[in-house]
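Below is one structure; the comments refer to it alone.
The values are calculated or read from the model by the stated rules, or taken from the named source; none is laboratory data. Model, not experiment: these values are computed from the prediction. Using ideal geometry, Cβ is built from the backbone for each residue, glycine included, and neighbour counts are taken over all protein chains shown.
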Amino acid sequence: MHIVSIRGAITVEENKKDKILEATQELLIDIEEKNNLNIDNVICILFSSTKDLDAEYPAKAARLLGYTQCGLMCFNEMEVSNSLEKCIRVMIFYQGGLKQKDVNHVYLKGAKTLRPDLSK
């Protein structure tokens, strides 16, 4: 068994509860599918969001998907001039058969600009 970190991000259209929950669930489901994750092997998930997203905690979306036994934390993303707006980032710590070199990080919508090297 290995412990790996899986990264991802997504942008949100509007600062509304339903939009934050939908985008976060879309991101988590895509990460699950691309990495063949078992929810029971997730150690914890760290979420950060830009300052312009304050209508809902992204972690709530994870709980609604069944992440009830792992730790979840939400933070504000560091403010950097001219950085991406309305963005939720995630880092999942996962214990399982994955090796770090085999992890599929997921960047969706406007967040694809954060990791252009992964969109090849």
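Below are the figures for this structure:
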| read-out | value |
| --- | --- |
| Qualifying residue in the stretch 34-53 (condition: at negative phi, touching a residue at least 60 places away in the same chain (Cβ under 8 Å) and assigned to a helix (DSSP H, G or I)) | yes |
| Only listed residue being of a type outside the set (Val, Ile, Thr) and over 13 Å from the mean Cα position of the chain (by Cα), chosen from Leu46, Leu84 | Leu84 |
| Sole exception among (1) of a type in the set (A, V, I, L, M); (2) farther than 19 Å from Glu13 by Cα; (3) surrounded by fewer than 18 Cβ atoms within 10 Å (Cβ to Cβ) for Val42, by number | (3) |
| Condition broken by Ile3, with the remaining ones in (1) crowded, with 16+ Cβ neighbours inside 10 Å; (2) among the hydrophobic types (A, V, I, L, M, F, W, C); (3) out of contact with any Gly (no Cβ under 8 Å at 6 or more places or on another chain) satisfied | (1) |
| The stretch 93-113: number of residues that are modelled with pLDDT under 95 and either β-branched (Val, Ile, Thr) or under 13 Å from the mean Cα position of the chain (by Cα) (or both) | 1 |
